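So the structure is just underneath, and the comments pick up after that.
Rule-based calculations on the coordinates, nothing more; no lab input. Please read all numbers here as calculations on a predicted model, not as lab measurements. Here the Cβ positions follow ideal geometry from the backbone for every residue, glycine too, while neighbour counts run over all protein chains shown.
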Amino acid sequence: MKRYYLDLIPKTNQDHELHNEFCLYMPVIINAQYIGDFSEDKKALEEALKSYPNANGCKYCCSAAHIHYEVE
């Protein structure tokens, strides 16, 4: 199980990135919200989406929960 945190400062595309506790891109704790302990990235993202509909998995540490957007 890993601990997951959501970056409270949105990225330029307005996504709030979901990170696990081992990510090099984890925000400082004052800018992060603890989401919970999960065995899978996707389950952590499901929980984060309940409060933050624009949550997205970090492409480095939560690639299984990272949503790729196609540019039109």
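Tabulated data
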quantity: Long-range neighbours under 7 Å by Cβ, at least six apart or interchain, first residue loosely packed, with under 14 Cβ neighbours inside 10 Å within the stretch 1-18, second assigned to a loop (DSSP other than H, G, I, E, B) and among the small types (Gly, Ala, Ser); calculated: Met1/Ser39
quantity: So Ile30, is it without any contact (Cβ under 8 Å) to a residue 60 or more places away in the chain, outside any loop (DSSP other than H, G, I, E, B) and surrounded by 21 or more Cβ atoms within 10 Å (Cβ to Cβ); calculated: no
quantity: Long-range neighbours under 6 Å by Cβ, at least six apart or interchain, first residue in a loop (DSSP other than H, G, I, E, B) within the stretch 53-67, second surrounded by 23 or more Cβ atoms within 10 Å (Cβ to Cβ) and of a type in the set (A, V, I, L, M); calculated: Cys62/Leu18
quantity: Subset of the stretch 1-27 that is under 14 Å from Ala65 (Cβ atoms) and either in a helix (DSSP H, G or I) or charged (D, E, K, R) (or both) - its residue that is farthest from the chain's Cα centre (by Cα); calculated: Lys2
